[in-house]
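The values are calculated or read from the model by the stated rules, or taken from the named source; none is laboratory data. If you're wondering where the values come from, they're calculated on a predicted model, not measured in any experiment. Neighbour counts run over all protein chains shown; Cβ positions are idealised from the backbone, glycine included.
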Amino acid sequence: MKKVLRLKRVWVLFILSALFSLPFFSTLLLSFSPEEPIFRHLWETVLPGYIKNTLLLMIGVGMGSFVLGLVTAALVSFFKFPGRQLFQKFLILPLAIPGFVIGTVYLQFFEYSGPFQSLIRKWFGFKTANEYWFPEIGSLGGVIVVLSFILFPYIFMTARSAFMDQSQRFFEVSRSLGKGPFKSFISVILPLSRPSLTLGLSLVLMEAASDFGTVHFFGVPTLTSGIYSVWLQMNNLGGAAQLASMLLSFMILFITLEKWSRSQKSYYSLKGNHRHMQLKELKGLKGVAAFSLCFIPLFLGFIFPFSLLLFWSFSHIDQIELSRFLNDLEHTIFLALGAGGLCLIFSLIFNYIQRSLGKTRYVEGAVSLATLGYAIPGPVLALGVLIPLAKFDNFIDSVALSVFGSGTGLIFSGSVMAILLAYLIRFFVLSYGSVQTGFLRITPKMDEAATQLGAGFFDRISKIHGPLLKRSFATSLILVFVDSMKELPATLMLRPFNFNTLATRLYELSSDERLMESAPWGVAIVLSGLLPLIILGHPFGGKRKNLKEEEKES
Amino acid sequence: MLKLLSPVNFFRITFLTLTLYSLTAQAAKSQKEEVNLYSYRQEFLLRPLLKAFESANNVKVNVVTMKKGLLQRLKAEGKHSPADIVLTADIGNLELLSKEGLLQKFTSKKVEENIPKAFRDPKGFWIGLSARARIIYYSKKRVNPKELLSYEDLMSNKFKGKICSRSGLHPYNISLLSSLIYHRGEAFALSWAKKVRENLARKPQGNDRSQVKAISEGLCDISLGNTYYMGKMLENPEQREWASRTGIIFPNQKTTGSHINITGVGITKSSRNIKAAKKLVEFLTGGLAQHLYAQVNHEYPLKEEVPFSGIVKSFGADQSGINNGQFKRDLKALVKLSDLRTKSIKLLNKAGFE
């Protein structure tokens, strides 16, 4: 009986991860049959440049956001300084603004004719571009900086929650063994936070590698731009799939490397009373320095671009068609809620099955496959969803036609369901990661105790897991909700008739050089992104009552 | 509040919303005649046109717009695609759609009267609606327009560090290079792309308007751009100044004619509302719609009697041979553009013109 149950679960897991890796496999499949062999041409011309840019982008953004996220998280976790309370809440805000919006704002602001350089010319009396040096903002360096300021909150969040859950005791032991506070941080706390940091870093890397809009605006061709050019302009789907597979293999390589190096070490958790880290007060100049270190990323990643958006919105507020605006808002919130809910449900299913099956290689493999969607560039994802769905629809139609004598037409493709499926596949890893972190907090012994006390499966969920996982649920919902609000390429390509979201409208307006008119839509995206934070509570705010729970990371 | 939003309740609410939503979406489909449009053009450009059509014919027009992946979506959906009409901003895409077998042949007396033969598919799969030219923008202050009469002149060493461009791989530039391949052969086109790239003042970036801005700011002297942008910039209070410092040259007037491309439509093979689709196509080629392209978008209407907009008429006023904005168009290359597209992209890759 038990064996049958186990087998069933394995099947559910496999079927689900097959569904989630649909775009991945359909891409892989397509790459074997290009319309016209193109790889050699690409390899001899542009491909080395694409690869170089992609790798440098990943390395640069990875390092940039890692440093920004780690420093800010460490400051708010271990020190007391003016503004700390606000920073720990607000440093995640850059996630709420779509990357391409921040990208265009910065380009406009810092380009030759933008306000910043104009001011420099006015101050110093320069007349032409040749008289002074200014870094080219539309460059690889420019994208790296901008993306780092947009993406660092992923590191901040994961680092912050890892630091929050750490015990003072480890730190004290290290100190008593003669290590300084900084060294103790590097040699004790950082390694203990590694699983969480890795999650954050891999999100950043995947996001950077699959970015379409920002690199395009900055004129930096990456593998993703190559995919676009080969697929949509040369109309060579197979050739594009080859590039996409290459991009994905970079991601897989990275994940495997990390897993391998982690498998050399084990993570133990210790029982006992944890005392939370005591905050060290920073006074005077040190306090000012800490404040600035947190304020600058927040300012550049959120306050500055958002203020500009707000300012433009107010100056163009009379041009908004309210009914249209509300319609877009409704679509967006519906999709974001739907995606948030779906992701959470499937994360729970995955985590429960994984928990009951224990750690085995094939389960891990299935999970890795299922969480790969985040690394797939939006348009490729859209196509990876569209082609199999349309095939499926056409199959159902032909079956219906032969059985009932009348066809069904297309059921899923071209409907909201297609978009939801794309979101689910893309954002699943965000939800899965958050829920998994929560589950690590619940030991099997707690389940056993509950079962012995007569609690059934659903009792366990509602009375024990539910309350303990609340914070993870909130994080999962917030992340997926916010990212869905911003999603652009897949939504653009999969949407039904007469259907716009805030992001698609924003894009249509801003790509027609009407960035200022599009600003109200941008503001709406940011504000609705904040909604779940307000309703569900901030992941780092509120009481820390669950944190006494024993930590276990493995 | 928190109780209300407990995880279990959250699921319930989500499911309920999802079901309700899909039900209402089904019910909302009215009995009114409808026609479904896939468009490369953005909706706000089309809306005024479609509104006029809807109220005149009592037909509802549903639109999905996307610049990327439209063809791919249509292909994937196959014979069940809900689309009736496809509207594209590049003749290459129309040709591609017809080659993929996604369009159906279509004849209409009205359309034939409205649109000259040169802008209709000889095989009958698509119809042109409006045209644009890719011309040279130059700084009135720093460039002598007499020295710059052709696309070929852009290769000259004297323009080293003077040219600005958007990405070479943008469809507009690909299309221009295809016309050069057609007229001058691959080897010449490659050296053109190489030379122009070497003459660039900065890395390719931005769109056509940003190049004009850069010219007005003194970053460079010359760029390639589409005609209608000049009209749009002159009408935009924030951009008028850039445009006023910049002049237009219609290149190759003595030889092949200036490169043009067209926006056009085709009816899909899968169309289930052919009657309404026909009506819409006829409407788009008719006087009212053509007038709107000309006046609102500053494109060249293809229906002959429809006048250009005032701004468009003034283009090339000081260039000899151009009266009232009428210039020599490169019609020969037009139907070859789609065949040469992949070749053109490969050349651009070889030339490193990203």
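Just so you know, in region A:27-55 the residues that are part of a loop (DSSP other than H, G, I, E, B) and within 11 Å of chain B (Cβ to nearest Cβ) include one that is farthest from A:Ala241 (Cα to Cα), and it is A:Thr45.
I want to confirm something. Restricting to region A:485-504 and keeping residues that are more than 9 Å from chain B (Cβ to nearest Cβ) and not hydroxyl-bearing (Ser, Thr, Tyr), which single residue is surrounded by the fewest Cβ atoms within 10 Å (Cβ to Cβ)? Working first, answer last.
Going through region A:485-504, the residues more than 9 Å from chain B (Cβ to nearest Cβ) turn out to be A:485-488, A:490-491, A:501-503.
In the following step, the residues that additionally are not hydroxyl-bearing (Ser, Thr, Tyr) were identified as A:485-488, A:490, A:502-503.
Values: A:Met485: 25, A:Lys486: 23, A:Glu487: 24, A:Leu488: 19, A:Ala490: 28, A:Leu502: 27, A:Ala503: 26.
Result: A:Leu488.
Looking at region A:205-223, which of the residues that are outside any loop (DSSP other than H, G, I, E, B) and within 14 Å of chain B (Cβ to nearest Cβ) is nearest to B:Asp208 (Cα to Cα)?
Here is the first cut: in region A:205-223, the residues outside any loop (DSSP other than H, G, I, E, B) are A:205-210, A:213-217, A:223.
Now drop any that are not within 14 Å of chain B (Cβ to nearest Cβ), which leaves A:213-217, A:223.
Values: A:Gly213: 18, A:Thr214: 18, A:Val215: 18, A:His216: 15, A:Phe217: 13, A:Leu223: 24 Å.
Ranking the qualifying residues of region A:205-223, first place goes to A:Phe217.
Among the conditions (1) out of contact with any helix residue (DSSP H, G or I) (no Cβ under 6 Å at 6 or more places or on another chain); (2) in contact (Cβ under 8 Å) with a residue 40 or more places away in the chain; (3) in a loop (DSSP other than H, G, I, E, B), the only one that B:Ser270 does not satisfy is (1). Inclusion of B:Thr268 among residues that are in contact with a strand residue (DSSP E or B) (Cβ under 7 Å, 6 or more places away or on another chain) and surrounded by 23 or more Cβ atoms within 10 Å (Cβ to Cβ) is warranted.
Could you tell me whether any residue of region B:342-351 is among the aliphatic types (A, V, I, L, M) and more than 14 Å from every other protein chain (Cβ to nearest Cβ)?
Let us first name the residues in region B:342-351 that are among the aliphatic types (A, V, I, L, M), namely B:345, B:347-348, B:351.
If we keep only those that are more than 14 Å from every other protein chain (Cβ to nearest Cβ) as well, we get none.
No.
Inside region A:482-500, residues that are within 19 Å of the chain's Cα centre (by Cα) and assigned to a loop (DSSP other than H, G, I, E, B) make up a count of 2.
Test A:Phe412 against the stated conditions and say whether it is farther than 21 Å from A:Leu237 by Cα, at pLDDT 80 or above and not in a helix (DSSP H, G or I). Judged against the criteria, A:Phe412 is a match.
Let's see how each residue does on (1) outside any strand (DSSP E or B); (2) out of contact with any His (no Cβ under 8 Å at 6 or more places or on another chain); (3) within 30 Å of B:Phe106 (Cα to Cα):
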{"position": "B:Ala189", "(1), (2), (3)": "yes, yes, no"}
{"position": "B:Val196", "(1), (2), (3)": "yes, yes, no"}
{"position": "B:Arg202", "(1), (2), (3)": "yes, yes, no"}
{"position": "B:Gly206", "(1), (2), (3)": "yes, yes, no"}
{"position": "B:Leu224", "(1), (2), (3)": "no, yes, no"}
{"position": "B:Thr263", "(1), (2), (3)": "no, yes, yes"}
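Considered as a group, the residues in region B:158-170 that are within 14 Å of B:Asn226 (Cβ to Cβ) and surrounded by fewer than 21 Cβ atoms within 10 Å (Cβ to Cβ) include one that is farthest from the chain's Cα centre (by Cα), and that residue is B:Arg166. Per the conditions (1) assigned to a strand (DSSP E or B); (2) in contact with an Asp or Glu (Cβ under 7 Å, 6 or more places away or on another chain), the sole criterion not satisfied by B:Leu87 is (2). The set of residues in region B:53-85 that are aliphatic (A, V, I, L, M), in contact with a helix residue (DSSP H, G or I) (Cβ under 6 Å, 6 or more places away or on another chain) and more than 10 Å from every other protein chain (Cβ to nearest Cβ) comprises B:Val59, B:Ile85.
Does A:Val4 count as in the same structural domain as A:Arg169 (by TED's automatic domain parsing) and either part of a helix (DSSP H, G or I) or in contact with a Ser or Thr (Cβ under 6 Å, 6 or more places away or on another chain) (or both)? So A:Val4 does not fit the description; no. Note on region A:65-156: enclosed helices (runs of 4 or more DSSP H) holding 1 or more residues that are touching a Cys at 6+ places or on another chain (Cβ under 8 Å) and of a type outside the set (S, T, N, Q) are A:84-90. Scanning region B:123-155 for residues that are in contact with a helix residue (DSSP H, G or I) (Cβ under 8 Å, 6 or more places away or on another chain), in a loop (DSSP other than H, G, I, E, B) and in the same structural domain as B:Ser216 (by TED's automatic domain parsing) yields B:Leu148, B:Tyr151.
Results for (1) outside any strand (DSSP E or B); (2) more than 17 Å from B:Ser271 (Cβ to Cβ); (3) touching a residue at least 24 places away in the same chain (Cβ under 8 Å), shown as yes or no for each residue.
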site	(1), (2), (3)
B:Lys51	yes, yes, no
B:Glu54	yes, yes, no
B:Val61	no, no, yes
B:Lys79	yes, no, yes
B:Gly101	yes, no, yes
B:Glu113	yes, yes, no
